[in-house]
1. D251 to K292: FRET efficiency via 1/(1 + (r/R0)^6), r the Cβ-Cβ distance, R0 22 Å, to the nearest 0.05?
2. What number, in percent, do you get for the relative contact order of the chain if the mean sequence gap of Cα pairs under 8 Å and at least 6 apart is divided by its residue count?
3. Going by the alpha-carbon gyration tensor, a ≥ b ≥ c the square roots of its eigenvalues, is region 61-181 rounded (a/c under 1.5) or, if a/c is not under 1.5, prolate (a/b greater than b/c) versus oblate?
4. Considering the chain as a Gaussian network with a 10 Å cut-off on Cα pairs, which listed residue, D60, D100, D132, attains the greatest mean-square fluctuation?
5. Mind pulling the angle between the C-alpha long axis of helix 271-293 and the longest principal axis of the chain? Nearest 10 degrees, somewhere in 0 to 90.
6. Multiply the residue gap between N111 and R219 by 0.36 nm, knock off their C-alpha separation, and tell me the result in nm, one decimal place.
7. Can you tell me the length gained on complete extension of the stretch M276 to L94, counting 0.36 nm per residue apart and subtracting the Cα distance?
8. Filter the GluC sites (Glu not before Pro) in region 210-251 to those in DSSP coil with at most 10 other Cβ atoms within 10 Å of their Cβ, and list the result.
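None of the figures in this text is laboratory data; all of them are computed from the coordinates on show. Remember, predicted model here, so these are calculated numbers, not experimental data. Ideal geometry is used to build each Cβ from the backbone, glycine not excepted, and the neighbour counts take in all protein chains shown.
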Amino acid sequence: MQPFDYYKPKDFNEAFKLLTLPDKAMYPLAGATDLIPHTRDGAWKPNGVVDIKGLPGLRDLKVEGLEPCCGCAPGECLYVGAAMRMNEIARSELVRSHWDVLAQAAAAMGNEQVRNRATLGGNLGTASPAADSAPALLVLEASILVKGPQGDRSIPIDKFFVGPKRNALKKGEIIVGVLIPRPPQGSAAVYEKLSRRKAGDLAIVGVAVLAYPHESNYRWRVALGAVAPTPIRAPQAEAILNESYDAVHIDEAAAAAYGCAMPISDIRASAEYRQMMVVNITRRAVRAVIGKLHT
Ligand SMILES: Cc1cc2nc3c(=O)[nH]c(=O)nc-3n(C[C@H](O)[C@H](O)[C@H](O)COP(=O)(O)OP(=O)(O)OC[C@H]3O[C@@H](n4cnc5c(N)ncnc54)[C@H](O)[C@@H]3O)c2cc1C
């Protein structure tokens with residue numbers, strides 16, 4: 001593995017200076033569960049890494065004290081600092097209270113050792129199409145909060161992924177946290193993941209589904225991971241479920257999700273298998289949500 005320098009900045013300004021050093025490939029460093037393997041296999045070639053875990057706000061997990069945002073009343077949005085680890089998110093009573101689908105996705109990631117190091121910011125930073133947090137954040141309509149040399153900005157999650165392993169961050173920018181509106185009262189959500197092994201492997205297909213009461217019916221959100229160049233919403237499937245969620249509509253929605261998918265073949269699965277499994281996993285996730293809505 002090529003050697004690289006390690007820096008631990010004391011504040012954001014020092015971090016921005018390090019991350020924008022001219023002619024250097026500088027990477028933010030969080031849990032290193034992607035950074036080390038990708039550097040070892042030569043895909044990434046950092047000259048230096050900038051450990052961002054100690055920067056203010058990156059380890060916060062709270063609903064209190066937030067400015068009104070995303071249309072939520074104050075205190076109604078969950079803030080998850082970018083350096084929160086997957087096991088912390090999976091086990092948090094606060095996350096599980098109203099944002100459980102994110103806890104489910106965090107619990108579905110890797111294995112115990114990986115989840116003890118891997119962070120939410122790192123999962124978004126790598127921007128794998130198979131990132132488990134992504135479908136959950138898509139149905140929760142989260143925003144990614146970013147600080148950079150040019151200032152602060154908030155990126156809606158559906159604008160954050162711009163290609164396979166490419167995100168909307170500019171040079172020097174750091175994900176500080178994720179802001180997630182509280183889903184409407186009476187909502188239910190599920191993350192279903194299909195992978196080769198029960199633990200320690202990326203998704204072949206990941207599906208998040210969320211439904212909430214609307215007038216005399218329900219509104220649905222469906223998001224897919226690992227079956228397109230980026231994690232995606234499946235609006236055609238959502239429109240069908242918004243009409244009805246009887247057995248016929250569930251089958252039609254699953255078929256519509258199939259139509260949204262544009263998978264590739266890789267070592268985990270062929271494109272054909274992935275696309276077929278979108279149908280099964282979407283159907284399974286929708287049924288699980290219906291089960292939760294009616295308990
Ligand atoms: C054995 C194993 C199993 C795995 N299984 C899964 C799985 O099932 N599902 C899954 O989704 N992933 C899986 N992964 C991938 C990895 O664990 C996750 O993507 C993890 O969330 C990365 O987080 P990290 O903190 O380790 O990131 P790092 O490796 O530290 O960083 C990853 C990338 O994000 C950037 N970055 C980190 N933090 C920030 C920030 N705050 N702002 C801007 N950029 C940042 C880094 O510069 C780097 O480019 C697995 C990895 C391993 C080794």
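1. Once the sixth-power term is evaluated, E becomes 0.65.
2. Across the chain, relative contact order equals 15 percent.
3. Working: a/c = 1.58, a/b = 1.03, b/c = 1.53.
Oblate is the answer for region 61-181, as a/c is 1.5 or above yet b/c matches or exceeds a/b.
4. Evaluated over the chain, the most mobile residue of the options is D60.
5. 70 degrees
6. Answer, rounded to one decimal: 35.5 nm.
7. Between M276 and L94, full extension yields 62.0 nm more.
8. Listed in order of number, the matching sites are E215.
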